[in-house]
1. Once ligands and nucleic acids are excluded and a 1.4 Å probe is used, how much of ARG5 is accessible, expressed in Å² to the nearest 10?
2. Using mean Cβ contacts within 10 Å as the protection proxy, how do 147-159, 15-27, 48-60 order, highest first?
3. Determine the share of region 85-224's accessible area contributed by carbon and sulfur atoms, expressed in whole percent, with a 1.4 angstrom probe.
4. Relative contact order of the chain, please, whole-number percent, based on alpha carbon pairs below 8 angstrom and at least 6 residues apart.
5. For ASP29 paired with LYS177, estimate the spin-label separation in nm (one decimal), with each label point 7 Å from Cα along the Cα-to-Cβ line.
6. Which far-off residues, 5 or more places away or on another chain, put their amide H under 5 Å from the one on LEU124, with H placed in the peptide plane?
7. What FRET efficiency comes out for ARG5 versus LEU223 if R0 is 41 angstrom and r is the Cβ-Cβ distance? Round to the nearest 0.05.
8. Given H placed on each backbone N at 1.01 Å, which residues far from VAL57 in sequence or on other chains put an amide H within less than 5 Å of it?
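The values are calculated or read from the model by the stated rules, or taken from the named source; none is laboratory data. All values derive from a computational prediction rather than experimental measurement. Positions of Cβ are generated from backbone atoms using ideal geometry, with glycine treated the same way; all protein chains shown enter the neighbour counts. Accessible surface areas use protein heavy atoms only, side chains included; no ligands, DNA or RNA. Shrake-Rupley method; radii C 1.70, N 1.55, O 1.52, S 1.80 Å.
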Amino acid sequence: SVAPRAHVLVAVKELHAAKTRLSGVFDTDDRTGLVLSMLRDTLAVVSDVATVVGVTVVTPDPAVARLARSVGAHVYADPAPVAAESRPEESGTEHGLNAALAAAAEHVRRNESGVDVVALQADLPSLRGGEFGEALAAARTGGRSVVVDHHGTGTARLFSCHPATPLDSRFGPGSAKRHLDSGARPLDGHWPGLRTDVDTADDLDAAQALGVGPAARAALRALE
């Protein structure tokens, strides 16, 4: 049998709109630098996982695309946000993001048959490769599954581990419930780095307590 292979999709919105909940702590330039540093660390960890055969960053932002290409990731251009029609609970931006992830997942599956597709948050500065690998092994028992974030409301990672199972991403506020309600299974595991995505100053403190990757560490040191 063929060894399992995974392709990781990482969605990043336009930098000016990223991490607005950190605006009380950092100005726009500092936030932008921090977002890019967390993305760099996240991409470095997942690219190093043996069964990951490709990483694609889904983004409309040219600076994000440049960073992705510089570390060997593919880029899938996220089209401009469109009005949410199919899911009224999503804003236009979220609808555009989920539509772009769906299109990117279909693109990957057309080009790499039999590959597992993983949608991962870009802001996981404490992620460890071992956690990623364990969660991936758990996901491979079938279908769609999610790793819920440390708040219990968001989604750190969404898996589709069967070619006939669409990714059907529903990212945005309260996405954990939306993913679970749509039939995804929650994965249980002690993966603190995988569950600690950074949206607020408290999240950043939690990530630093776990230990962050080298790019985020350098960015935070520069902001002190």
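1. About 70 Å², ignoring ligands and nucleic acids.
2. Numbers: 147-159: 21.0, 15-27: 14.7, 48-60: 18.9.
For the peptides 147-159, 15-27, 48-60, the packing ranking is 147-159, 48-60, 15-27.
3. Working: 3180 of 5980 Å².
So the carbon and sulfur contribution to the accessible surface is 53 percent.
4. Working: 417 pairs, mean separation 51.9, N = 224.
Once divided by the residue count of the chain, the mean separation gives 23 percent.
5. About 4.1 nm, to one decimal.
6. Residues meeting the criterion, in which the H sits 1.01 Å from N, are THR42.
7. Details: r = 38 Å, r/R0 = 0.93.
Calculated transfer efficiency: 0.60.
8. VAL10, HIS74, VAL75, TYR76
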